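Have a look at the structure below before the remarks.
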Amino acid sequence: SKARMFDKESGIKVNFGDVAGLAEAKTELEEIVEFLRKPEKFTELGGKIPKGALLVGPPGTGKTLLARAVAGEANVPFFSMSGSDFVEMFVGVGASRVRDLFKKAKEKAPCIVFIDEIDAIGRARGKNVNFSGNDERENTLNQLLTEMDGFATNSGVIILAATNRADILDRALMRAGRFDRQISVELPDLNERQEIFEVHLRPLRLSEDVKSDFLARQTPGFSGADIANVCNESALIAARKNKKLVEKEDFLDAVDRIVGGLEKKNKIIS
Ligand code: ATP
C-alpha cells in the first residue's frame, strides 16, 4: 500500500505520536527508548540492557511503525532488513548481509536494528529439509545468532524483530541475551480504530459529515494498515468524482472495497 511505502522508505521521522492505540506496547518500548537515551542510568547500577525484543502480532498492526518510532523517540539511527529478502539466495549471501548489517550498526551505535518477518529466516531449524533454499536460510539464522551473541551487552545496539508467527520460531532466538522480551501488538479495538482514523484523517480535506467514531464502528477486524488504506482510498474516490472535500459516502465506498479485498484474501488462504 501507499501508506506502507511512505513509512518504510521515506526518511521522515516517526515517533510515538504517529502510532495510535497500542498503549501497552508503547509503555514496554518506552523502556527501550530510555536505554538508548541514557544507558549509564542502567549500566552504572550493574544492569544489563536487553539486546532485543520481539514484536508479535497480525499483519498491518503497526510493528514496523513502532520500531521506527522507538528510533525516532530516542533520536538514533534505524537499520532494517526483512527476513523475506533472504529466501532463495545464493549460498553465503544471507549470512554476509547479516554480518554487514551488524557491522554498520555497531559503527553507528546507539541504534536500532529492525528485522521484519523474522520468521522467514528464524523458523525452527531442521524441518522442511525438502526445500532447496533451506540450508542457506539456516546459515543466515546461524549468522544472526552469532551476531547477537557476538556484540557485547550494553553495546548500544538494540534489535527489534517482528513476526506474526512466534510459535514457529527457533527456540534459540528466544534464549536469554537474544530476543528475551516479547511484545504483543494486536488488532485495534473500537477505540483504537477511532484513534488510528484520527491519525490518518489528519492530512485529508474532509467534509463535515466525516466522523472518526462512525468510521471506527464500520470497520471491525480492520488493522491499522487497512484503516490507512481506507483513508487514502476514500480521497482517491472523492478526487475521481472531482469533489473538493472527501465525504462520508467516499469512506463507505472505500470500506466496501477493502472488505472485498480482505474477503478475497481470506478465500485464498483458506
Ligand atoms: P506487517 O506485519 O505486514 O509488516 P506491521 O505490523 O509491520 O505489518 P506496519 O507496516 O507498521 O505494520 O503498518 C502499516 C501501515 O499501517 C503503517 O505505516 C501506518 O500507516 C498504518 N498503521 C498500522 N498500525 C497503525 C497504528 N497503530 N497507528 C497508526 N497507523 C498505523
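Within region 143-201, how many residues turn out to be in a strand (DSSP E or B) and either of a type in the set (Gly, Ala, Ser) or more than 22 Å from Phe222 (Cβ to Cβ) (or both)? Spell out the reasoning first.
Looking only at region 143-201, we keep the residues that are in a strand (DSSP E or B), and these are 157-163, 169, 181-184.
Those left that are additionally either of a type in the set (Gly, Ala, Ser) or more than 22 Å from Phe222 (Cβ to Cβ) (or both): 157-162, 169, 181-182, 184.
Summing the residues that are in a strand (DSSP E or B) and either of a type in the set (Gly, Ala, Ser) or more than 22 Å from Phe222 (Cβ to Cβ) (or both) in region 143-201 gives 10.
Identify the residue in region 20-66 that is open to solvent by 50 Å² or more (accessible area, probe 1.4 Å), within 16 Å of the ligand (Cβ to nearest atom) and free of Cβ contacts under 8 Å to residues at least 60 places away in the same chain and, among all such residues, is farthest from Asp167 (Cα to Cα).
Checking each candidate, the answer is Glu30.
Criterion first (among the small types (Gly, Ala, Ser) and within 13 Å of the ligand (Cβ to nearest atom)) does Ala238 satisfy it?
no
Among the residues that make up region 202-214, is at least one of them touching a residue at least 60 places away in the same chain (Cβ under 8 Å) and either of a type outside the set (A, V, I, L, M, F, W, C) or buried (at least 19 other Cβ atoms within 10 Å of the Cβ) (or both)?
No, region 202-214 contains no residue that is touching a residue at least 60 places away in the same chain (Cβ under 8 Å) and either of a type outside the set (A, V, I, L, M, F, W, C) or buried (at least 19 other Cβ atoms within 10 Å of the Cβ) (or both).
Residue check, Phe86 against (1) within 16 Å of the ligand (Cβ to nearest atom); (2) farther than 27 Å from Glu73 by Cβ; (3) at pLDDT 75 or above, all met but one. Which one?
For Phe86, the exception is condition (3).
Yes/no matrix, rows are residues, columns are (1) under 18 Å from the mean Cα position of the chain (by Cα); (2) farther than 25 Å from Pro39 by Cα; (3) β-branched (Val, Ile, Thr):
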| position | (1), (2), (3) |
| --- | --- |
| Ala95 | no, yes, no |
| Ala120 | yes, yes, no |
| Gly150 | no, no, no |
| Ala161 | yes, no, no |
| Asn191 | no, yes, no |
| Leu201 | no, yes, no |
| Leu206 | no, yes, no |
| Asp213 | no, yes, no |
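Among (1) part of a helix (DSSP H, G or I); (2) aliphatic (A, V, I, L, M); (3) away from the ligand (no atom under 12 Å from the Cβ), where does Val113 come up short?
So the condition that Val113 fails would be (1).
Scan region 162-182 for residues that are more than 11 Å from the ligand (Cβ to nearest atom) and either hydrophobic (A, V, I, L, M, F, W, C) or open to solvent by less than 70 Å² (accessible area, probe 1.4 Å) (or both) and jot them down.
Passing the criteria: Ala166, Ile168, Leu169, Asp170, Ala172, Leu173, Met174, Ala176, Gly177, Arg178, Phe179.
Please name all residue pairs, on different chains or six or more residues apart, with Cβ atoms under 8 Å, provided the first residue is in region 186-200 and is more than 7 Å from the ligand (Cβ to nearest atom) and the second residue is open to solvent by 90 Å² or more (accessible area, probe 1.4 Å) and part of a helix (DSSP H, G or I).
Close Cβ pairs (under 8 Å, with a partner that is open to solvent by 90 Å² or more (accessible area, probe 1.4 Å) and part of a helix (DSSP H, G or I)) amount to Leu190/Arg217.
For region 212-270, which residues satisfy the criterion of being part of a helix (DSSP H, G or I) and β-branched (Val, Ile, Thr)?
Within region 212-270, Ile227, Val230, Ile237, Val255, Ile258, Val259, Ile268, Ile269 qualify.
Could you tell me which of the residues Val230, Val199, Val185, Val259 is open to solvent by less than 80 Å² (accessible area, probe 1.4 Å), of a type in the set (Val, Ile, Thr) and in contact with a Leu (Cβ under 7 Å, 6 or more places away or on another chain)? Steps first, please.
Details: Val230 fails: in contact with a Leu (Cβ under 7 Å, 6 or more places away or on another chain); Val199 fails: in contact with a Leu (Cβ under 7 Å, 6 or more places away or on another chain); Val259 fails: in contact with a Leu (Cβ under 7 Å, 6 or more places away or on another chain).
Step by step, each of Val230, Val199, Val185, Val259 is checked, and only Val185 is open to solvent by less than 80 Å² (accessible area, probe 1.4 Å), of a type in the set (Val, Ile, Thr) and in contact with a Leu (Cβ under 7 Å, 6 or more places away or on another chain).
The values are calculated or read from the model by the stated rules, or taken from the named source; none is laboratory data. Bear in mind the structure is a predicted one, so any value in this text is a computation, not a measurement. Cβ atoms come from the backbone with ideal geometry, glycine included; neighbour counts cover every protein chain shown. Heads up: the accessible areas ignore ligands, DNA and RNA and are worked out on the full protein's heavy atoms, side chains in. Shrake-Rupley method; radii C 1.70, N 1.55, O 1.52, S 1.80 Å.
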